[in-house]
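S.K.: For reference, the structure I am asking about is given below.
The values are calculated or read from the model by the stated rules, or taken from the named source; none is laboratory data. The shown structure was predicted, so the numbers you read here are calculated from the model rather than taken from an experiment. Cβ: placed from backbone, ideal geometry, glycine included. Neighbour counts: every protein chain shown.
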Amino acid sequence: MNKRMFLKNAVTLGLTGLMPFDTLANWIKPFEDYSANELADDELFWAGVRKGYRLKPDYINLENGYYSFMPQEILEHFVKNIKDINYEGSYYMRTVQYENKKKAADQLAALAGCNAEELIITRNTTESLDTIIAGQDWKAGDEAIMAEQDYGAMLDMFKQVARRHGVINKIISLPNHPKSDDEIINLYANAITEKTKLLMVCHMVNITGQILPIRKICDMAHSKGVKVMVDGAHAFAHIQFSIADLRCDYYGASLHKWLGVPLGAGILYVSKENISGVWPMFGDETRQQDDIFKLNHTGTHPVHTDLTILNAIEFHQKMGGERKEARLRFLQNYWTSKLKDVKKIIINTPEEANRSCGIANVGVEGMKPSLLAETLLKKYKIWTVAIDGANVHGCRITPNFYTTLEELDTFAKAMKELAA
């Protein structure tokens with residue numbers, strides 16, 4: 001019996017409860033010699049990972065992009081952290097609260113690939129990026145550039161600064177299937193004038209999953225003297241990258257999506273040279289102007305979440321970022337390949353591997369996205385989210401790495417029936 005066959009037999013025993021695979025680390029250990037791509041389609045391996053989650057049996061969850069709930073391993077840490085904080089009360093809050101938060105922020109910075117003095121923990125992407133938008137020293141006539149496919153909360157904040165400060169918002173529209181990076185870069189470049197102050201761009205477009213060429217966009221914008229703010233809500237802990245390599249000025253992300261952190265945590269990166277130019281959303285006169293922690297004064301908050309960030313990072317590192325990315329891309333390609341040539345099925349996400357990963361959007365010609373989502377849930381017990389606007393008409397499909405091929409087969413079959 002070869003090693004691979006022996007391993008699969010051992011795993012099968014573990015799945016039937018005859019071997020003590022109690023934690024993710026124990027489960028992964030026998031697979032350490034296999035590459036991320038080798039494991040991407042290994043259903044036995046991912047079945048073991050799936051056992052670490054408590055999944056609601058009422059429906060197939062293909063809407064993990066909003067909130068990827070915690071595996072039991074992290075959830076147990078979270079509950080313990082709540083109990084510990086509740087036990088210590090104000091003693092904890094007045095002694096080691098900030099020290100522990102700094103530890104979590106430092107580890108997040110290491111994971112993000114940036115300097116620890118350039119990153120803080122926020123409550124979510126919206127808070128992170130709205131802090132930057134509202135914190136600019138805007139003057140009447142200044143211009144900001146964004147896409148209609150960007151997240152609504154940030155677009156709303158730009159509308160507010162337009163009303164308040166006389167800022168001019170210039171909105172482009174991204175193609176769902178770009179022919180090249182240059183096509184995207186030129187859309188932004190052609191909108192820039194001598195009055196442009198800030199450009200907002202999605203790392204991974206939330207409604208389609210399209211990955212944009214951030215480094216190239218940043219280099220172009222900087223050559224014209226324009227700063228770039230990146231919405232990384234869906235990219236962080238989903239695809240492999242380093243913020244330093246992107247060369248952006250600002251980067252915001254949520255941790256409850258792909259890192260598996262409890263609700264209520266995000267990150268904000270501000271490059272060192274830009275910190276002093278951002279006004280805090282909440283005043284803090286105890287900090288120097290070039291100290292990023294001046295942007296982190298939000299009052300008393302659920303500090304047990306800060307502690308759980310450390311647990312989630314440990315889980316992510318055991319799982320391996322490359323393994324996660326390979327699995328998520330495999331799952332997306334699995335179901336889109338079954339539907340892309342079906343008559344009346346419309347895929348709103350690029351097919352190329354460098355332009356998408358785990359998220360994609362699909363519609364049925366002549367069917368309202370709201371009706372599609374409703375039918376998928378009521379008739380087929382499949383949970384998705386409808387997207388109907390900004391040149392995107394369909395349902396966003398977001399499996400997680402524990403999603404099974406059987407579940408995706410059920411979804412693909414449902415879509416084919418609806419298209420027919």
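S.K.: Could you look through the range 309-349, keep only residues that are of a type in the set (Val, Ile, Thr) and over 18 Å from the mean Cα position of the chain (by Cα), and pick out the one that is surrounded by the fewest Cβ atoms within 10 Å (Cβ to Cβ)?
M.R.: Restricting to residues being of a type in the set (Val, Ile, Thr) and over 18 Å from the mean Cα position of the chain (by Cα), the top hit is VAL342.
S.K.: State which residue pairs qualify: first residue touching a residue at least 12 places away in the same chain (Cβ under 8 Å) and outside the structural domain of ALA40 (by TED's automatic domain parsing) and inside the range 339-364, second residue assigned to a strand (DSSP E or B) and crowded, with 24+ Cβ neighbours inside 10 Å in any location, beta carbons under 7 Å apart, and separation of 6 or more residues or different chains.
M.R.: Taking only residues 6 or more apart or on different chains, not a single pair turns up.
S.K.: Out of the range 102-122, which residues are within 19 Å of MET281 (Cβ to Cβ) and either modelled with pLDDT under 95 or of a type in the set (A, V, I, L, M) (or both)?
M.R.: Once the filter is applied, which keeps residues that are within 19 Å of MET281 (Cβ to Cβ) and either modelled with pLDDT under 95 or of a type in the set (A, V, I, L, M) (or both), the range 102-122 yields ALA105, LEU119, ILE120, ILE121.
S.K.: Another question, if that's okay. Which residues, counting only those in the range 60-101, are of a type in the set (Phe, Trp, Tyr), more than 25 Å from SER254 (Cα to Cα) and surrounded by 12 or more Cβ atoms within 10 Å (Cβ to Cβ)? Reasoning before the result, please.
M.R.: Keep residues of the range 60-101 that are of a type in the set (Phe, Trp, Tyr), which gives 66-67, 69, 78, 87, 91-92, 98.
The next check asks that each one be more than 25 Å from SER254 (Cα to Cα); those that pass are 87, 91-92.
Passing the criteria: only TYR92.
S.K.: Which ones in the range 116-135 are buried (at least 20 other Cβ atoms within 10 Å of the Cβ), part of a helix (DSSP H, G or I) and hydrophobic (A, V, I, L, M, F, W, C)?
M.R.: If the condition is that a residue be buried (at least 20 other Cβ atoms within 10 Å of the Cβ), part of a helix (DSSP H, G or I) and hydrophobic (A, V, I, L, M, F, W, C), then LEU129, ILE132, ILE133 are the ones that fit.
S.K.: Count, please, the residues in the range 140-168 that happen to be under 16 Å from LYS227 (Cα atoms) and over 25 Å from the mean Cα position of the chain (by Cα).
M.R.: Counting residues in the range 140-168 that are under 16 Å from LYS227 (Cα atoms) and over 25 Å from the mean Cα position of the chain (by Cα) gives 4.
S.K.: For the range 24-47, which positions are surrounded by 14 or more Cβ atoms within 10 Å (Cβ to Cβ), assigned to a loop (DSSP other than H, G, I, E, B) and not charged (D, E, K, R)?
M.R.: TYR34
S.K.: While we're on this one: Please specify each residue of the range 374-388 satisfying the condition of being touching an Asp or Glu at 6+ places or on another chain (Cβ under 6 Å) and crowded, with 19+ Cβ neighbours inside 10 Å.
M.R.: If the condition is that a residue be touching an Asp or Glu at 6+ places or on another chain (Cβ under 6 Å) and crowded, with 19+ Cβ neighbours inside 10 Å, then THR384 is the only one that fits.
S.K.: Is there a residue being within 25 Å of ILE211 (Cα to Cα) and not polar (S, T, N, Q) anywhere in the range 295-311?
M.R.: There is no residue in the range 295-311 that is within 25 Å of ILE211 (Cα to Cα) and not polar (S, T, N, Q).
S.K.: Follow-up question, since we're still on this one. Tell me which residues, restricted to the range 389-415, are surrounded by fewer than 16 Cβ atoms within 10 Å (Cβ to Cβ) and either in the same structural domain as TYR151 (by TED's automatic domain parsing) or farther than 25 Å from PHE69 by Cα (or both).
M.R.: Answer for the range 389-415, where residues must be surrounded by fewer than 16 Cβ atoms within 10 Å (Cβ to Cβ) and either in the same structural domain as TYR151 (by TED's automatic domain parsing) or farther than 25 Å from PHE69 by Cα (or both): GLY389, ASN391, LYS413.
S.K.: Right, another one. For the range 173-190, which positions are surrounded by 17 or more Cβ atoms within 10 Å (Cβ to Cβ) and either under 16 Å from ASN391 (Cα atoms) or not β-branched (Val, Ile, Thr) (or both)?
M.R.: Result: LEU174, ASN176, PRO178, ILE184, LEU187, TYR188, ALA189.
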